[in-house]
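Some notes on the structure that comes next.
The values are calculated or read from the model by the stated rules, or taken from the named source; none is laboratory data. Owing to the predicted nature of the structure, the values given are computational and were not obtained by experimental measurement. Cβ: placed from backbone, ideal geometry, glycine included. Neighbour counts: every protein chain shown. Just the protein is used for accessible areas: all its heavy atoms, side chains included, with ligands, DNA and RNA removed. Shrake-Rupley method; radii C 1.70, N 1.55, O 1.52, S 1.80 Å.
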Amino acid sequence: MPTLLHIDSSIWPSETSASRDVANSFRKEWEAQHPGGVVIYRDLNAEPVPHLDATHYVAGAEHPLRGELADELERADALLISAPMYNFSIPSTLKAWLDQVIILGRTAGEQPTAADTPVVVVASRGGGYGPGTPREDFEFVTNYLEKVLQGCLGITNVEFIVPELTLARAVPAMSGLIEASDLSRTKAHEQAAAKAKELAARVA
């Protein structure tokens, strides 16, 4: 039975969160392709996992929470992460989830147990941080997630969907970018639905 692990980390509800909104487009298409499938959902804002401490680290997979998170990741045929940019990086709740689920000798190490899991990340941001923009070198979301997913979990199949300029309607100084913001969000929804359909077919 196809299983999707869906991780949300925005502090805002879907009505105002671009990352949640676009991730929902992926999830709806996935569920349409697999109506009898399973979705494991974690809202890290509503129910944050604790930051890694020495007790968690020493216990590893024997710790109930860490074992549960590893089980969820290993069960997943695909992983969907919504990762808004906060202060140029990912939310601390998402970092805490990563620290807990990266377990040396199980999900991390020489034979990481979820290495074949395809990952789609909806990486929203209020401004523009793409190549050639003035703040290109302030982008620590896609760079970090690509490196940690590959370097720690062994996952090489990582794709990013990037709705940007999401603050255009809220910040007067960005009013000239509203059209570009809307186009970026529309494109992100289309990419999310298409990617969900592609991955759903792959694991059918």
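Annotations for the structure displayed:
- Gained length - Lys28 relative to Arg169, 0.36 nm times residue gap less alpha-carbon distance: 48.2 nm
- Restriction of the trypsin sites (Lys or Arg not before Pro) in region 100-204 to DSSP coil positions whose beta-carbon has at most 15 other beta-carbons within 10 angstrom yields Arg135, Arg169.
- P(r) histogram, all alpha-carbon pairs of the chain included - 5 Å bins from 0, percent: 1, 8, 15, 19, 20, 16, 10, 6, 3, 1, 0
- Gain upon complete extension [Asn143, Leu104; 0.36 nm per residue less C-alpha separation]: 11.8 nm
- On the basis of the beta-carbon distance and an R0 of 22 Å, Val38 and Phe88 show a calculated FRET efficiency of 0.05.
- Surface composition of region 75-119: carbon and sulfur atoms hold 45% of the protein heavy-atom accessible area at a 1.4 Å probe.
- Potential extension, Thr156-Met1 segment - 0.36 nm per residue separation minus Cα distance: 53.5 nm
- Net charge of neighbours whose Cβ lies under 15 Å from the Cβ of Asp8, counting Lys and Arg as +1 and Asp and Glu as -1: 0
- At most 15 other Cβ within 10 Å, DSSP loop - chymotrypsin sites (Phe, Trp or Tyr not before Pro), region 91-142: Phe140
- Cut-off under 5 Å, modelled amide H: who pairs with Ile40 long-range: Leu4, Leu5, His6
- The mean sequence distance of close C-alpha pairs (under 8 Å, at least 6 residues apart), as a share of the length of region 128-204, puts its relative contact order at 20 percent.
- Table column - 3J(HN,Hα) (Hz), region 154-169, Karplus curve with 6.51, -1.76, 1.60, x for Gly and Pro: x, 8, 9, 8, 10, 10, 10, 10, 10, x, 10, 6, 5, 8, 4, 7
- The loop-placed GluC sites (Glu not before Pro) in region 55-136, going by DSSP, that have at most 12 neighbouring Cβ atoms within 10 Å of their Cβ come out as Glu110.
- Spatially close Lys pairs in the chain, defined by Cα atoms under 24 Å apart and a spacing of eight or more places or different chains, total 7.
- Distance (nanometres) between label positions extended 7 Å along Cα→Cβ at Thr133 and Ile178: 2.0 nm
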